[in-house]
Structures are given as C-alpha cells and as structure tokens.
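To keep things clear, I will list the structure first and then write my remarks on it.
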Amino acid sequence: MKQFEYVRPASIAEAVAAAAQPGSAYLAAGTNLLDLMKGGVSRPDRLVDVTRLPGLDRVEPLADGSVRIGALVRNANLAHDARFAKAYPAVAEALLSGASAQLRNAATVGGNLLQRTRCAYFYDTASRCNKREAGSGCDARDGENRLHAVLGWSEGCIATHPSDFCVPLVALDAIVEIEGKSGRRELPLAELHRLPGDAPERDSALQPGDLIVAVRLPASARTFATHARYLKVRERTSYAFAVVSAAAALRIENGRIAEARLALGGVAAKPWRADTAEQVLKGATPDAASFQQAAQLALAGAKPSGDNAFKIELARRIVVRALTLAAAGTPARVPALPASPFASVSGALHV
Amino acid sequence: MSELNLTTAPAHVRHGSNIGQPLTRRDGVLKVKGQATYAADNHLPGMLFAVIAASSIARGHVTSLDVAAAKRHPGVVEVMTSANRPKLAIDPEIKTNPFVFRMESLQNDEVRYANQPIAVVIAQSLEAATEGAALLAPRYEALPPRVGLDAGEVFVPPVVGVGNPTVNEHGDVEAGLASAAKQIDATYETPPQYHNAMEPHAIVVAWDGDKLSIDMPTQGLILSRARIAELFGLAHENIHIRSPFLGGGFGSKGLMGGPPVLGIMAAKLVGKPVKLVLRREQMYGPVGHRAPTRQRLRLGADGEGQLTAIEHHARTVSSSYDDFYEPAADASHTLYASPAIRTTHDAVRVDTGTPLFMRAPGEATGSIALESAIDEMAFACGMDPLAFRLKNYAEVEPISGKPFSSKALRACYEQGATRFGWSKRKLAPRGMRDDAGLLVGWGMGTATFPALMFQAEARAAIRRDGSGVVEIGTHDMGQGAWTAFAQIAADGLGLDVDRVEFRSGHSNLPDAGIAGGSAHTATAGAAIHNAGAAVIAKLADLATKDERSPLFGAGNTGVIARDGKLFRRDDESRGESYSDILARAGLAEIEARGTGAANPAAMEEYAMHAHGAVFAEVKVDPELGQVRVTRMVGTFAAGRIVNPHLVKSQLFGGMIWGVSFALHEEAITDRRTGRIMNANLGEYHIPVNADVPSLDVLTVEEHDPHVNALGIKGVGEIGITGSAGAVANAVWHATGVRVRRFPIRIEELLV
Ligand SMILES: Cc1cc2nc3c(=O)[nH]c(=O)nc-3n(C[C@H](O)[C@H](O)[C@H](O)COP(=O)(O)OP(=O)(O)OC[C@H]3O[C@@H](n4cnc5c(N)ncnc54)[C@H](O)[C@@H]3O)c2cc1C
Ligand code: SF4
C-alpha cells in the first residue's frame, strides 16, 4: 500500500483544517475507503481519522420534532434504535438491507452517504474511468453494464450511487449538516450527490475539507411512519447491492393520499427523488391505477445506458410494489429479510 | 502429524465398527479455536514477503517494468522478473506427464491471459511488497484478446477431460430422431466459474542448501513434490511439503500451478524464506477455472415417452497455450436409457488461464443442460418429470451396455419424492402460488458421478502398548479426511478410533494419491484398510505359530481382530490381546504396508457410478423476478457411507453449489479486454445464508462388492449434479419461462 500520513484530530475544527490540505481524505470506518486504497483506486497522502471526534455518534430528537443523526452513528446502531426505527421505518429497513451485519456494525452514516460507486471499471485501475481520472474516458459505456444507470446519466459516466440508506432519506427531505473551511452550512441531501454531466469526477457538492457532521430529518418525515416501506431487488437474498430499489412513504387521510414520497435507488448517480410521481399521487386514492401512473411518471425520463433496459421496467414495477406495500401499512416489526420481496412470506425459514 | 492434537468426542463413539458412525470432525476443535495452522499462518524467522504483480492485459507482451521505482520503495528487497529469475531445471512448458499443466514462471515477457504473473516483488513487509508491485507500472504491447465461445476458429480437441474420447456413439441417433414423436432441440449456456476456495493459494518456503521445506495447501502432496523436484532439479526426498489443512480446494489446488513455483523461485533468488499468498483477484487466472460451455441437446421420444435418441454436443474453450476441455457432453452417457446416444465436443482457444478441474468437471456443466432438456422433453410428452425419468430408467449403462456394479437410484427417486411431497406437483407451469402470492415451482434432477479410484499406499503398525498407528499423506480440504480415514484405520486394525494415531498431511508419508475425482476416500481408504489387514495377518501369524498363545494352531480356522484382541474365529472365548502377543515376541511394534487401486477386471465388467435424486422448490416474485430456493431434498446412493455426518456435509455443500450454479455464479468477463470484472467475493455471487433453504439429505446405502473392498463410492462432487438442474427446472415450473443461459437472471423472468 502507498505510504500515507495518518492523523487523528481531537476536534471538528482540527479535522477540517487537516483535511483541507490537498491529498487528504477523511477516514470513517473505512469499509469503502480502505478497499479503494488497497486496490489503488484512491491514493490519499493523508488520512484524517474522524472516528474519535466527540459528539458525532448520537441520535438526538430536536425540539421542533426533527431528529439529528450524528455522522459517526453506526449503520447498525441507527437501524436498531427502537425509537428511530418506529418513526422512520423505511430508513431502518433500508439500512438493514444493505451490505452484511458485519459491515453495518462498522459503517458510519457519513461514510454511507459518501461511499463511491460500485462501477467495476471505477475499481479496475487498468480501465478508463472519468470518475477516477477526469477526462480519461468511460469503459463502462460499451462494457459490462447491465446494472448501470438508467436515469440522469451522461455520455461521460453511467455509474450509479449504491447507497440504500440514502434512498428513504432523500424521500424524507433529509438535510446534511456540513462543517467546512468557512464554518457550518446545510444542504438538502437531494443536492449532495451530483449527476455526472461533464464532470463525473465530482461525486458531490462538497468542497475539499468539508466534513459531514450530521444528517437531519425534518419534523414532516415522521408523519409517514405508518405507511413507509423500502424495497430492494437484488441478485441474491442478502449481501448484494440493489439492482433497483424504492422507498415509498404515504400520508393517507380519509382513504386518500394526502402526501406521497417516492425515491429510487440503483438507477442514477444519486438517490433519485421522483417528484412528479409524488405530485400525481397527491389527492389520489391509493390503488393500482394511481400507483401505475406514478411509476410511469417516475421513469418518464429513463433510457438505457447499455444492456440495462430491463432496469427501467423493473424500476416501474418496484415503484408500484413499494407504494402498494406502503399503502398496506408499515409492518409492526422490520421483517426478518428487510426490504426483500420475500419479506412477507409466511412460515418461511429465515437464516 | 503427531503434533496435531486431534480429539474424538467420546459421546459419538460406539465400540466395535468405526466405519458408519457419525463422528464429529476430529480437527473441529482446533479449527474453532483458530489453532489449525493453514499454510499462510506460518511465519519463519527472517522471512520475506513476496507479492505477485499481475498483467492487466490478456494477450501481448510486457515491454517495460519500472523495477527501479519498486526497488526504491522502502522495504523492497528484490524484484524478480523474466530477466533475473533463477533458472529452472526444465522448461515449464514441457508436459512431462498428463497431469502437468503449463504455468507462468516468468519464462519470458509474453502475456497469455489477464492476471498472469509478470513479476514478483519481495520485501520486508506485505505492505512494502504490495506497493512495490504497484510501482512497477508495467507497459505492454497489447494484442486484441480472444474472449468467449465464439472467439475464434472452432476445432475438435483430441480428447476431453482426462483422456476421454471427444466423440462417443452408440446406436443411430439420426434414425432415433427421425422416428421420434416428440423432439427437443435446445441450446444451453454456462458461464466461466472460479473455484474461490476460502483459503487463497499460499506458500511459505525455505531453502536449506538443496533441500526445500514448504508449507502449502495441496490436494496432491506427492504429485506436487514430483513437479517441484523436476522443476528445480531436486531429489524427491529433499523436498518436504506440509499440508495439514486446506481451506477448500475444489480442484484448484490439485496440480502445481505457477504461483507457488514463483514463491520457491523468489526464496531462491533472495536466499531467505519467503511467503507468497495470492490476493483474491489473483485467483482469477493462474489457478484454473471451470470453462464456459454452450451445449446443444437434441432428444427424441416416442409416443409413450420413451427416449429414442440423445444427442449432446458441447462447445467449450481452452487457453491459447494448453489443453483442458470440459467434458460436458459425457454427462449423457450414463443416466437415461436410449437406443441411440451421441456425444460430441468442440472448442475454441481464448486468452484466459487454462481451465481446469472444478468440482464435478464436465458432470456439473453437462448435468444442468441434460436435466433441463429432460425436463423439457417430459413436458413435451405431457409427463411428470419423475415419471418420465422412471420410464427411461437405465438398467444397464446406456453408452456401454455394461451392468452397474450397484445402482439404488430407484430407491433415491422414491424416497426423495416421498420426503418432498412430489406427488402433489401440478404438471403445468405457473400453476402454483403461496399465500403471499409468490409463484411456486417444483423441479427435480438426477445426480450422478463416476466411482473412480487412483493409487495409494499406506503404512500401518501395532505398537507394544496395543495402540495402532497409520501413516498416509492424505489431504483434508475441509471434507473431514482426518476423521473418515481414522475411522477406516481403526477398523482395519481392529481398534477403537482413539487407540489409533493417524498421521497425515505431509509429503514424507506414503502416497495417498490425489484428493480429487471424489476418489480420495475410496483410494486412500482401501490402502489404509489393506495395510491394517496386513498388520493383523502378521500378528495372527505370530500368535497362531506360538504354542504359548491361546491362539496356537488357529491358523487354519482363522482369527478375527476386535477391540485390540485377536479371537479364534470358531471359538471367541479364546483370544489374546495385541500387546500380549507383541510382548511375548519381544517386538516393539509390528508393521505392514497396503495399497489401494482400481480393479481393472471389475472396471471392464461393470459401470460404476454413484447416483442421486434432487428435488427443489423455488419461489419467484411474479412481477419483480427475484428467485429464492425455499426447499431442497437430495437423496443419494453412493456405496458405503463411512461417516454419515461428514457425508451429509459434503452433499449439502454440493447442493448449495447447485443453487449457486443455477442462480448466482458467473465470472463477468469484459468482452473487449478479457479481464474479469467481478474478481472479488462481493460481486462474484455465491449463495449467502439467506439463499440457502433448509436442506434435507438422505442416503440410501448400497452394498457394492465390485467398486473396492470397502464398497465406497465418492460423495465429494455428486451433490452439485442434479441440484443445479433441479433448481433451474423449478424456476421454469414456477414461471413458465425456460431460461437456457445460466445463471438465471432477473431480467429473463420479467414477463
Ligand atoms: C462487500 C460490501 C457490500 C456492501 N453492500 C452495500 C449495500 O448493499 N448497500 C449499501 O448501501 N452499502 C453497501 N456497502 C457499502 C457500505 O455501506 C459502505 O462501505 C459504508 O457505508 C461506508 O461507511 P464507512 O464509515 O466505512 O466509510 P469510509 O469507507 O470510511 O468512507 C467512505 C467515504 O466517505 C468519506 N467520509 C466518511 N465519513 C465522512 C464524513 N463524516 N464527512 C465527509 N466525508 C466522509 C471518506 O473520505 C470516504 O471517501 C457495501 C460495502 C461492502 C464492502
Ligand atoms: S460509468 Fe462512471 S464510474 Fe464507471 S467507468 Fe464510466 S466514468 Fe467511471
């Protein structure tokens, strides 16, 4: 491995100062970053270990009804925080559908948001990749790309963002709190990840040295608690990234949808909020016809970027299913196979 | 290995016959405590770390390596390239016997596949060596690689597998097809797969003058030793290989490949002990794989559902520089009776590492295609798949006409079907749902694997204190060899298993043959059994000729050995303990050797195979296409079961691999570069726990007097055959969609 400097700042200010120097990278649990370093994909000169920073590992309910999740909260701890899971069940379900138990025990909230794409050509340093090396080309475009993006991609990059966690978060209007060189600022999560356009090397709106300190869910997010689901199609029952996924949350009043939230995962370089679909659902009855219509709208702009046309149809179907499940009501407990199409199988043995 | 403290859980031991008891594995405690030493766990004083730099192109030449940059990196001691590598005693391209495969040992700057070793960096730490390898920044002159089953000129190889004829024919296939009332003509594809043993290939090696001391996982201690001896010009007895445990091999650790040879060369170059361990992605190239296949099956059946012809053609690939051809079509030789059978193979050369044996080579790939085609034909005939298979049950081996040495397949079908509840299956596909609305499908497949034997030798002795010792260089790949062989050894010596010291796992012991072809237990077991019998015979000779012994004069009626004593066969009240016999004779121990090998006369007369029937249930989400296996029953008849516990585990493992074959496993090769894009365990999917249903394994005992003295057939590979097809057929039954390209993918089920 390339030799690098390792620093462990004691305060957020020290961390930001250390990371503002060129060639620096924040190290959280390292479940993504260290893999990238071992593969020679990331070659930072210095690692700024944020895992000992004080005060960032708490889940705090705030007075205005919102909740603030520290950037160092472990994925597993957040998912198993009973109060949190009850208020934001789709978020808990998404977290528990990601990676493996061991990885979730280690992975942090901040790291999950900023994990890099799983595009195989990004990982393979012998391939051309605009995201890894600006302007070098994109070998995925004509390569093995059946799992690549169908929305928001550009000729320069067809990669997807792999996070499950981010999908319900973006549906629920999550806000990211950032500490940077010029102090604290906030950004809607929907604006954190960038579509590739002609600068795929830039994954996010963050500037060098910017540290995510927390993610906030506004008070409105908990109003969907009784009708919120996350659903994820994958190529094995667990421990696989999404082929496509969807988070659906409904507020149902008097048999009608008062408000709908819908986002898709595995389809674009960012968690994909389907605003127009949400609009059409507002005021509609929660039935197959309106869900179908929402699905059509959600994928209206989709086009294949390779051998992946099937993902468009699959995404429509998963939207319909996620909305149907959300309308049926959040289950009392997170299913034994979270976010799985097999979650509802009665009497099935789950290991 | 006497330093291994192998224990037997006493609760599981019944006195008397040791074979047949479900002993828990004797090395289990060591493994659970992390005390089982695998090759890479060894650290020698002064040892250096060697890391392979691998090619990123699949075909061409290395034109430059920045050796200076690598050497400048702190900790790097040496860089071994084709320019400075130690000379080998013979050209590794020379195939000195059919089990020698060509390997990369930095002979020159040619690149023949992606991930080929092109240099080795040796350093004081693993990290330094790794970074040194990255700093080499190779430049290449690249040629367009040949990738996939249509990459080049098609040719017919002289043989497939290990010396099997490329073409086999019996009866008139064209006539059979012409007379058929129903015909199936279907083409199936299977992808390249990689062994992915949990333990990567590794070597820790130290030279001492012209002696070599090696820790290395191998499925063939003596074959490996012979290959090392010829490559380095050493006497066999100067090479000592220890391989007490393997973290899986599946065929990829059977024959000497390039990486351990590079480790030995590196140690020679630097004059220090060296450790070389492959990174996971480096296991996708130089250590073999299962070649992709495209198989066309043409079946004919008459109006009654009786097969009139089976034609099975398999296309496969080999590397540009060596020959191994997956004998996929041979799967059609033994299972279904047909007046006409023709199996043929052809191949193209592609720029990959040479494909090799991988758990059930030929049988696994061939089985999923054959079992799918049989399923298609059963449906075309309007018959239940089990009824169709019974209708076409082979009473003699179809391709050869030989009788089977034993074949309890009918019992397997019956017992498996009953356990599974097969009779409730609906004939039409897409006709079953569960209460959650998921599509339910039931499928089956027939399993088969030949009962092979290689050659082995064992040494056995009884010591003055009445205990026994058996020595043979067997291989425990996780299958439980330490345990099963100790059981056979104990019975051979007429002792209880904890009275026998079983020494195994290194190359100074008698040759146990290769642990492959599901033949290890049969072959080494026969040698152990015979060595034990020979010791008992010597002991009996001593006693029956000694007038002070109560057994005096019993030579003609014979004696039997049990619980450390010899008894007169005609009067069991007269007996004497082993230790008394030895004490009186003034002997410290008495020893003998025994061998195990196939019996050519029996092979001439009989077809010898293990069989089984696998039943699978899958559920498929009707809109989303995701598949999950929810139930599997496998019933197997494989001769005598030495240890039901271990055998069950082997069969479980095989069945899970069948699930993997049908639904998950595939090396995704970039069609332009020949590089494998998912060379890691995150993206090279195999089933995880949540994909593995509760498996049910039943065994039907066969008493086979012909396969070998102990009546053992193998169980290591059969589990994967039949299972893959059963899952694929269940997916069809659930969905009505016949997918002929494996693994079955979600998009194919989005109807
Ligand atoms: C085999 C495997 C399977 C996986 N499967 C899934 C899956 O199915 N679904 C899924 O969602 N995820 C999956 N993951 C990804 C996993 O969720 C991420 O690796 C994990 O969330 C990253 O968190 P971390 O704390 O380890 O981040 P790190 O690896 O430490 O960091 C990741 C990135 O974020 C940056 N960073 C970290 N914290 C901060 C911060 N506070 N402020 C600014 N930058 C920061 C780092 O510099 C780095 O660039 C999988 C990972 C693996 C290895
Ligand atoms: S899709 Fe994006 S990440 Fe993948 S190779 Fe192309 S540019 Fe790189």
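Can you give the charge dipole size of the protein assembly as shown about its Cα centre, rounded to the nearest 20 debye, using +1 on the beta carbon of Lys and Arg and -1 on the beta carbon of Asp and Glu?
Working: 115 positive and 117 negative charges, 463 e Å.
Charge dipole, the protein assembly as shown, about its Cα centre: 2220 debye, nearest 20.
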### Message
I'd like the residues of the stretch B:735-751 whose 1.4 Å-probe accessible area shrinks by no less than 50 Å² going from the isolated chain to the full set of protein chains.
### Response
B:ILE746, B:GLU747, B:LEU750
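Return the carbon/sulfur percentage of the accessible area of chain B, one whole number, probe 1.4 Å, all protein chains in place. Intermediate values should be presented prior to the final figure.
Working: 13390 of 25840 Å².
For chain B, the apolar C and S fraction of the accessible surface comes to 52 percent.
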### Task
Enter the accessible area per residue of the stretch A:65-136 (Å², integer; probe 1.4 Å; all protein chains in place).
36
### Query
With respect to the cross-link table entries B:LYS182/B:LYS402; A:LYS232/B:LYS619; B:LYS545/B:LYS565, which display a Cα-Cα separation exceeding 24 Å?
B:LYS182/B:LYS402
### Message
Compute accessible area for the stretch B:608-636 by itself and then with all protein chains, 1.4 Å probe, and report residues whose area falls by 10 Å² or more.
### Response
B:LYS619, B:ASP621, B:GLU623, B:LEU624, B:GLN626, B:ARG628
### Task
Determine the residues within the stretch A:309-326 where the difference in accessible area between the chain on its own and the full set of protein chains amounts to at least 20 Å²; count protein heavy atoms only and use a 1.4 Å probe.
A:PHE310, A:LEU314, A:ARG317, A:ARG321
### Query
Rounded to whole Å and sorted largest first, what semi-axes of the equivalent ellipsoid does the C-alpha gyration tensor of the protein assembly as shown yield via the square root of 5 times each eigenvalue?
53, 37, 29
#### Entry: Options B:SER660, B:THR334, B:ALA512, ranked by Cα towards positive dipole end of the protein assembly as shown, top entry (Cβ charges)
B:SER660
### Query
Each label point is 7 Å from the Cα along the Cα-to-Cβ direction; what then is the distance between the points at B:GLU572 and B:GLN35, in nm?
3.8
### Query
How high is the FRET efficiency between B:VAL688 and B:PHE155 when r is their beta carbon distance and R₀ equals 35 Å, given to the nearest 0.05?
0.30
## Note on the structure
On the accessible surface of the stretch A:45-190, probed at 1.4 Å with all protein chains in place, carbon and sulfur together account for a percent value of 49
#### Entry: Average accessible surface area per residue within chain B, 1.4 Å rolling probe, Å²
34
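Place the peptides A:199-207, B:123-131, A:160-168 in order of packing, highest mean first, counting for every residue the other Cβ atoms within 10 Å and averaging per peptide.
On the way: A:199-207: 16.9, B:123-131: 20.6, A:160-168: 28.1.
In descending order of packing, they fall as A:160-168, B:123-131, A:199-207.
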### Task
Would you please give the FRET efficiency between A:GLN102 and B:GLN107, computed as 1/(1 + (r/R0)^6) with r the Cβ-Cβ distance and R0 = 45 Å, to the nearest 0.05?
0.60
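How many square angstrom of accessible surface are buried between A and B, both sides summed, with a 1.4 Å probe and rounding to 100? Before the final figure, lay out the partial values.
Values: alone 15420 and 27740 Å², together 39440 Å².
That pair of chains buries around 3700 Å² in total.
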#### Entry: Dipole magnitude (debye, nearest 20) for chain B, charges at Cβ of Lys, Arg, Asp, Glu
820
## Note on the structure
Of the residues B:LEU587, B:GLY254, B:THR344, the Cα lying farthest along the dipole of the protein assembly as shown towards its positive end, which is defined by charges on the beta carbon of Lys, Arg, Asp and Glu, belongs to B:GLY254
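For every other residue with a beta carbon closer than 14 angstrom to the beta carbon of A:GLY306, add +1 if it is Lys or Arg and -1 if Asp or Glu, then tell me the sum. Walk me through the numbers before you get to the answer.
Working: positive: A:ARG141, A:ARG146, A:LYS303, A:LYS311, B:ARG671, B:ARG672; negative: A:ASP139, A:ASP142, A:GLU144, A:GLU155, A:ASP307, B:ASP670, B:GLU747.
Residues close to A:GLY306 contribute a combined charge of -1.
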### Message
Can you compute the radius of gyration and Dmax for the stretch A:55-344, using only the Cα atoms, both in Å?
### Response
18.0, 58
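When you look at the Cβ of every residue in A:237-243, what mean number of other chain Cβ atoms sits within 10 Å?
On the way: counts 10, 5, 8, 6, 2, 0, 6.
Shielding by partners across A:237-243 averages 5.
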### Shielding of B:690-702 by partner chains, average beta-carbon count, 10 Å
2
### Task
Can you tell me the order of A:5-18, B:291-304, A:291-304 when each peptide is scored by its average per-residue count of other Cβ atoms within 10 angstrom, highest first?
B:291-304, A:291-304, A:5-18
### Query
For the residue pair B:THR418 and B:SER82, what label-to-label distance in nm results when each label sits 7 Å from Cα along the Cα-to-beta-carbon direction?
6.5
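The values are calculated or read from the model by the stated rules, or taken from the named source; none is laboratory data. Fair warning: this is a prediction, and the values are worked out from it, not measured in the lab. Please note: Cβ atoms are built from the backbone with ideal geometry, for glycine as well, and neighbour counts cover all protein chains shown. For accessibility, only protein heavy atoms count, side chains too; no ligands or nucleic acids. Shrake-Rupley method; radii C 1.70, N 1.55, O 1.52, S 1.80 Å.
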